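Undergrad: Okay, handing you the structure first.
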Amino acid sequence: MDEELPGAIGTSASLALRLGQAIFSVASLLFMCVGVEFYAYTSFCFLVTIKGLTIPWSLTLAVVDAFSVFVKRPSHQVQIVSIIVIGDWVLSFLSLAAACSTASVADFMITEAGAFFCGRKLCSRYQLSAAMAFLSWCLSIASALFNLWLLPSLY
């Protein structure tokens, strides 16, 4: 393969995507964990768990991308790219599920339950956490699609 696919593993675009995923995941986690009441709701715990898995995954692949960019030799082995594609897709779908469940519970808490469940400030932090999770998912699905696109060219 003579041309690099922008966004595929080992490129500077992939490094930017991975760093963006990690930054938005950390932001989502921080907004959620600022209020210590998140553990009372399953969907919030699910978001914290998934973001806790996404951050090390993204940072590890960012290190791999940084090494590949600086050495100028991307590793395009079929087995490695296959594992990355599977991991990206699994974490991407789990991130989407966590972001959707968090957004729906936060919306319910604000519109239906009023101030009974949480104060306005606490609920807005939950909404910000869901928004950051959606932004992280957008970058995650882009990464997964780029690597899926790269995979057939390696055979």
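The values are calculated or read from the model by the stated rules, or taken from the named source; none is laboratory data. Everything quoted here is computed from the prediction, not taken from an experiment. Backbone-built Cβ (ideal geometry, glycine too); neighbour counts: all protein chains shown. Note: accessible area is taken over every heavy atom of the protein model, side chains too, but ligands, DNA and RNA are not part of it. Shrake-Rupley method; radii C 1.70, N 1.55, O 1.52, S 1.80 Å.
Undergrad: What number, in percent, do you get for the relative contact order of the chain if the mean sequence gap of Cα pairs under 8 Å and at least 6 apart is divided by its residue count?
TA: For the chain, the relative contact order is 39 percent.
Undergrad: Suppose a student asked you for the relative contact order of segment 39-119, using Cα pairs under 8 Å spaced at least 6 residues apart; what percent would you report?
TA: 47
Undergrad: Here's another thing I want to ask about it. How much of the accessible area of segment 37-155, in percent, comes from carbon and sulfur atoms when a 1.4 Å probe is used? Could you put the intermediate results ahead of the total?
TA: On the way: 4720 of 6420 Å².
The computed percentage sits at 73.
Undergrad: Taking 0.36 nm per residue of sequence separation and subtracting the Cα-Cα distance, how much length would be gained by fully extending the chain between Glu4 and Trp149, in nm to one decimal?
TA: Extra length available between Glu4 and Trp149 comes to 51.1 nm.
Undergrad: Here is a further query. Given the rule -39500 (n - 2.57) for each run of at least 4 DSSP H residues, summed and divided by the residues of the chain, what is its mean residue ellipticity at 222 nm, to the nearest 500 deg cm²/dmol?
TA: So the calculated ellipticity at 222 nm is -27500 deg cm²/dmol.
Undergrad: Going by amide H atoms built from the backbone, whose H comes under 5 Å of the H on Gly7, apart from near neighbours?
TA: Placed amide hydrogens put Ala13, Ser14 under 5 Å from Gly7.
Undergrad: Another question about this same structure. Just add up the charged neighbours of Thr11: K/R +1, D/E -1, any other residue whose Cβ is under 10 Å from the Cβ of Thr11.
TA: -2
Undergrad: Further question: Whole number in Å², please: accessible area per residue of the chain, 1.4 Å probe, ligands, DNA and RNA not counted. All intermediate terms of the calculation are to be shown ahead of the outcome.
TA: Values: 8170 Å² over 155 residues.
Counting only protein heavy atoms, the per-residue value for the chain is 53 Å².
Undergrad: Quote the charge dipole size of segment 3-73 about the Cα centre in Debye, to the nearest 20; the model charges only the Cβ of Lys and Arg (+1) and of Asp and Glu (-1).
TA: 120
Undergrad: Which three lengths, in whole Å and largest first, does segment 1-124 cover when its Cα atoms are put on their principal axes?
TA: The Cα atoms of segment 1-124 stretch 59, 22, 20 Å along the principal axes, largest first.
Undergrad: Rounded to the nearest 20 debye, what is the charge dipole size of the chain about its Cα centre when +1 sits on each Lys and Arg Cβ and -1 on each Asp and Glu Cβ?
TA: Details: 7 positive and 8 negative charges, 75 e Å.
Charge dipole of the chain: 360 debye, to the nearest 20.
Undergrad: For the peptides 14-24, 98-108, what is the packing order when you average, over each peptide's residues, the other Cβ atoms within 10 Å and list the highest mean first? Walk me through the intermediate numbers first.
TA: Numbers: 14-24: 22.2, 98-108: 20.2.
Packing proxy ranking, top to bottom: 14-24, 98-108.
Undergrad: Follow-up question, since we're still on this one. Which order do the peptides 131-143, 69-81 take when ranked by the mean count of other beta-carbon atoms within 10 Å per residue, highest first? Display every interim value, and only then the final one.
TA: Numbers: 131-143: 22.9, 69-81: 12.7.
My ranking of the peptides, most packed first, is 131-143, 69-81.
Undergrad: Apply the Karplus parameterisation 6.51 cos²θ - 1.76 cosθ + 1.60, with θ equal to phi minus 60°, to every residue of segment 45-55 and state each ³J(HN,Hα) to the nearest whole Hz, in sequence, with x for glycine and proline.
TA: 5, 4, 4, 4, 5, 5, 5, x, 8, 5, 4
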